[in-house]
Amino acid sequence: MTTNKAVLNWLEEMKALTKPDKVVWIDGSDAQAEALREEACSTGEMIKLNQEKLPGCYLHRTAVNDVARVEGRTFICTSKKEDAGNTNNWCDPKEMYEKLYALYDGSMQGKTMYVIPYSMGVIGSPFSKIGFELTDSIYVVLNMLIMTRVGKEVVDALGDSAEFVKGLHAKKDLDEENRYIVQFPEDNTIMSVNSGYGGNVLLGKKCFALRIASFLAHNEGWLAEHMLILGIEYPNGEIHYVTAAFPSACGKTNLAMLIPPKFLQEKGYKVWCVGDDIAWLRIGPDGRLWAMNPENGFFGVAPGTNLKSNPNALHTTERDTIFTNVVHNLDDNTVWWEGLNKTPPTNALNWKGEKWDASLGEKGAHPNSRFTARAVNCPCISSEFNSTTGVPIDAIIFGGRRAKTAPLVYQSFDWNHGVFVGSAMASETTAAASGAVGVVRRDPMAMLPFCGYNMGDYFAHWIEMGKKIPNPPKIFNVNWFRTDDEGHFIWPGFGDNMRVLLWILDRCAGKKDADESAIGYLPKPEDIDISGLEAEGVDINVLKELLSVDKNLWKEDIENLKGFYDKIGERMPEELLKQLAAFEDRLK
Ligand code: GTP
Ligand code: SPV
Ligand code: MN
């Protein structure tokens, strides 16, 4: 498919290492994809679902020990340890290559190696970047065909250039003790072994578009972020775009596809999805910050997705979708997950493939079960989705899952304070990564597991970017997850988050005053439209409670933040230490 020497030489080397029986280039054609789907079904790797109800849809189950990203086994291998920093696992590249080469040796014997040429971003756009993933998994190929732009055109766009990211993935024997997800940012190289789960193996996603790309962005003067991108259309047809960074399983896909409350729909408000997980941001010729989504599909959390919470996501998954680790309804050969509806199937298999029904009292779908769906199938996909330059951004929104402390929404005083707010993010852990769930941890800019270099340098890069953007977006923080004493969410969330987005855009347009507080600008309660929310238990007093700032809780939070800043160490930018000191003063 190519005469590119750099590609061919590397491929030969990887073939000699893994020793596959056969090498197959993925050309992006429907015929090839269809043949691979049939092959995967014949071996049991995938199950073809009811083609009348779910055309083009399949079910896959991962191994039970392989259901989420493994942060403890994810490494950033730079030549100097300080360049990876104290928030990343690090290993000397030479040592890691040796260890990995031993694991990959002969790992594809008796198997086929698939060569996937893919583009992150529209093929051929100056802002896009090209990668190759070599894998022994058809599931990975079929997911990459949905999540990225794949095929011959990518190879043609690369031409003779050696500027591409090399990715090698082998499922090998799924041994947890020898599972490694390794980035070598200085070599544009990713190596993943002994896993078959999404974020560990779809190398275009977190490994490339965040870890490698953030490293490149630092060197090249742009940003690669764990952010959704959405457009809000006003009744007069104007569209304003925002990005939002929330940690894994904290609501990006849901916000990106939200449907406004009825009274706003009736006035003519609409929301358009540009991306649900990753944004690459560059300074445009107009001096604003522009965001593009490098992905081509959604790898979304299934549980909780339903006709009320996220109808757009649900409709997106009605065709051409791969479901992973959900319930298999044997009555009509469809799928189910917790929160889809109140009628779980009675004749069904759980995510492990065991006979299951709800009376057993355990979950049928894995909490991190996912759908892989094509962006073009999303009813609210933005007309700018395939734009080569992306969209101009009015606001950057940070947010996390905090039962207490963080109010519904507040605005930072300025860019640097906004960077401080992002750096001070904390959120309860979720099922998207292996380990305990519900523990509050620091997760700056939702990038803790995804920053491909020293976190101190990353913060400094954000500060530097602020100086370079003539017209920077305003920076906000939101929290949809405040709970009452019984642990129930106070704010209804989902579509009603639109009410908060409108306040944010009003602030950007200078249309609303705000109350200055220790943490930033808070909305005047009457400026958030809560009409119609009485039935959800939200009146003006509840809203005031949602916007309240408990200084004691923030003081505790600061103590924890200081520990985190200390961990980052000497590359912590002076500016953020100043911000921290100023914040402490304001809390006195
Ligand atoms: P990743 O794909 O892991 O990056 O996750 P994400 O950030 O896209 O999260 P997603 O939108 O898939 O939501 C994860 C979980 O949070 C789901 O169970 C949702 O139902 C729940 N969720 C999303 N938005 C809200 C909200 O506004 N309020 C509440 N209470 N829950 C929400
Ligand atoms: C996340 O965990 O943030 C995801 C899913 O978006 S994964 O692709 O597994 O990283
Ligand atoms: Mn994510």
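Given the criterion under 30 Å from I568 (Cα atoms) and at pLDDT 95 or above, identify the matching residue among K22, K94.
Exactly one residue qualifies, and that residue is K94.
If I filter region 498-505 for residues that are surrounded by fewer than 14 Cβ atoms within 10 Å (Cβ to Cβ), outside any loop (DSSP other than H, G, I, E, B), at pLDDT 95 or above and not assigned by TED's automatic domain parsing to the domain that holds G85, do I get at least one hit?
Among the residues of region 498-505, not one is surrounded by fewer than 14 Cβ atoms within 10 Å (Cβ to Cβ), outside any loop (DSSP other than H, G, I, E, B), at pLDDT 95 or above and not assigned by TED's automatic domain parsing to the domain that holds G85, which makes the answer no.
Looking only at residues in region 292-309 that are within 13 Å of ligand 2 (Cβ to nearest atom) and in a strand (DSSP E or B), which one is most open to solvent (accessible area, probe 1.4 Å)?
Going through the qualifying residues, I end up with V301.
Every residue, every condition in (1) more than 23 Å from A249 (Cα to Cα); (2) in contact with a Phe, Trp or Tyr (Cβ under 8 Å, 6 or more places away or on another chain), yes or no:
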| residue | (1), (2) |
| --- | --- |
| G487 | no, no |
| G510 | yes, no |
| A514 | yes, yes |
| L561 | no, no |
| D566 | yes, no |
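Looking at region 266-284, can you tell me whether even one residue there is open to solvent by 30 Å² or more (accessible area, probe 1.4 Å), more than 21 Å from K468 (Cα to Cα), of a type outside the set (S, T, N, Q) and within 12 Å of ligand 1 (Cβ to nearest atom)?
Taking every residue of region 266-284 in turn, none turns out to be open to solvent by 30 Å² or more (accessible area, probe 1.4 Å), more than 21 Å from K468 (Cα to Cα), of a type outside the set (S, T, N, Q) and within 12 Å of ligand 1 (Cβ to nearest atom).
This table checks each residue for (1) charged (D, E, K, R); (2) over 17 Å from the mean Cα position of the chain (by Cα).
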| site | (1), (2) |
| --- | --- |
| A249 | no, no |
| D277 | yes, no |
| P294 | no, no |
| F299 | no, no |
| P311 | no, yes |
| H315 | no, yes |
| R319 | yes, yes |
| N325 | no, yes |
| H328 | no, yes |
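Can you tell me which residue within region 447-489, out of those that are of a type in the set (F, W, Y) and under 21 Å from V549 (Cβ atoms), is surrounded by the fewest Cβ atoms within 10 Å (Cβ to Cβ)?
To start, the set of residues in region 447-489 that are of a type in the set (F, W, Y) comprises 450, 453, 458-459, 462, 476, 480-481, 489.
Imposing the further condition that a residue be under 21 Å from V549 (Cβ atoms) reduces the set to 476, 480-481, 489.
Values: F476: 26, W480: 25, F481: 22, F489: 12.
Filtering region 447-489 for residues that are of a type in the set (F, W, Y) and under 21 Å from V549 (Cβ atoms), the one surrounded by the fewest Cβ atoms within 10 Å (Cβ to Cβ) comes out as F489.
Just name the residue that is surrounded by the fewest Cβ atoms within 10 Å (Cβ to Cβ) out of those in region 41-85 that are in contact with a Leu (Cβ under 7 Å, 6 or more places away or on another chain) and outside any loop (DSSP other than H, G, I, E, B).
I47
Going through region 398-420 one residue at a time, which ones are crowded, with 24+ Cβ neighbours inside 10 Å and either within 21 Å of D457 (Cα to Cα) or not assigned by TED's automatic domain parsing to the domain that holds N541 (or both)?
Once the filter is applied, which keeps residues that are crowded, with 24+ Cβ neighbours inside 10 Å and either within 21 Å of D457 (Cα to Cα) or not assigned by TED's automatic domain parsing to the domain that holds N541 (or both), region 398-420 yields F398, G418, V419, F420.
Could you say which residue among P573, P492 is open to solvent by 10 Å² or more (accessible area, probe 1.4 Å), under 27 Å from the mean Cα position of the chain (by Cα), more than 30 Å from G287 (Cβ to Cβ) and at pLDDT 95 or above?
Step by step, each of P573, P492 is checked, and only P492 is open to solvent by 10 Å² or more (accessible area, probe 1.4 Å), under 27 Å from the mean Cα position of the chain (by Cα), more than 30 Å from G287 (Cβ to Cβ) and at pLDDT 95 or above.
Condition test on V154, is it surrounded by 24 or more Cβ atoms within 10 Å (Cβ to Cβ), among the aliphatic types (A, V, I, L, M) and at pLDDT 95 or above?
Considered against the rule, which asks whether it is surrounded by 24 or more Cβ atoms within 10 Å (Cβ to Cβ), among the aliphatic types (A, V, I, L, M) and at pLDDT 95 or above, V154 comes out as yes.
Looking at (1) within 30 Å of R370 (Cα to Cα); (2) open to solvent by 20 Å² or more (accessible area, probe 1.4 Å), which one does A170 not meet, given that it meets all the others?
(2)
Can you report the number of residues in region 276-318 which are on the phi > 0 side of the Ramachandran plot and within 16 Å of ligand 3 (Cβ to nearest atom)?
1
Are there strands (runs of 3 or more DSSP E) fully within region 218-260 with at least 1 residues that are of a type in the set (G, A, S), within 16 Å of ligand 1 (Cβ to nearest atom) and farther than 24 Å from T316 by Cα? List them. Before you say what the answer is, go through the steps one by one.
Values: elements: 223-225, 228-233, 239-245.
Per the criteria, 223-225.
Only residues in region 145-158 that are part of a loop (DSSP other than H, G, I, E, B) count as the first member; pair them with residues that are surrounded by 22 or more Cβ atoms within 10 Å (Cβ to Cβ) and not basic (K, R), Cβ under 7 angstrom, at least 6 apart or cross-chain, and list the lot.
Sorted first by the residue in region 145-158, then by its partner, the pairs are T148/Y118; T148/S119; T148/M120; T148/G204; T148/E295; T148/N296; G151/I26; G151/P117.
Would you please name the residue that is least open to solvent (accessible area, probe 1.4 Å), looking only at residues in region 373-396 that are at pLDDT 95 or above and of a type in the set (S, T, N, Q)?
Residues of region 373-396 at pLDDT 95 or above: 373-387, 390-396.
The next check asks that each one be of a type in the set (S, T, N, Q); those that pass are 377, 382-383, 386-387.
Details: N377: 36, S382: 8, S383: 106, N386: 88, S387: 26 Å².
If we take residues in region 373-396 being at pLDDT 95 or above and of a type in the set (S, T, N, Q), then S382 is least open to solvent (accessible area, probe 1.4 Å).
Restricting the search to region 115-128, which residues are in contact (Cβ under 8 Å) with a residue 60 or more places away in the chain, assigned to a strand (DSSP E or B) and surrounded by 23 or more Cβ atoms within 10 Å (Cβ to Cβ)?
Listed by number, the residues that qualify are I116, P117, Y118, M120.
Where in region 407-472 are there strands (runs of 3 or more DSSP E), lying wholly inside it, with at least 2 residues that are under 30 Å from G198 (Cα atoms) and either touching a residue at least 60 places away in the same chain (Cβ under 8 Å) or among the aliphatic types (A, V, I, L, M) (or both)? Spell out how you get there, then give the answer.
Values: elements: 409-411, 426-428, 440-442.
Here the list reads 426-428, 440-442.
Picking from N200, N188, which residue would you name as being in contact with a strand residue (DSSP E or B) (Cβ under 7 Å, 6 or more places away or on another chain), without any contact (Cβ under 8 Å) to a residue 60 or more places away in the chain and not small (G, A, S)?
N188
Do we find that A33 is closer than 20 Å to V140 by Cα, hydrophobic (A, V, I, L, M, F, W, C) and either surrounded by fewer than 12 Cβ atoms within 10 Å (Cβ to Cβ) or more than 16 Å from ligand 3 (Cβ to nearest atom) (or both) in this structure?
So A33 passes the test.
Out of curiosity, is T324 within 16 Å of ligand 3 (Cβ to nearest atom), open to solvent by 10 Å² or more (accessible area, probe 1.4 Å) and of a type in the set (V, I, T)?
No, not satisfied.
The values are calculated or read from the model by the stated rules, or taken from the named source; none is laboratory data. Keep in mind the model is a prediction, meaning the values are calculated, not measured. FYI the Cβ positions are ideal-geometry reconstructions off the backbone, even for glycines, and counts take in every protein chain you see. These area figures cover heavy atoms from the full protein model, side chains too; ligands, DNA and RNA do not enter into them. Shrake-Rupley method; radii C 1.70, N 1.55, O 1.52, S 1.80 Å.
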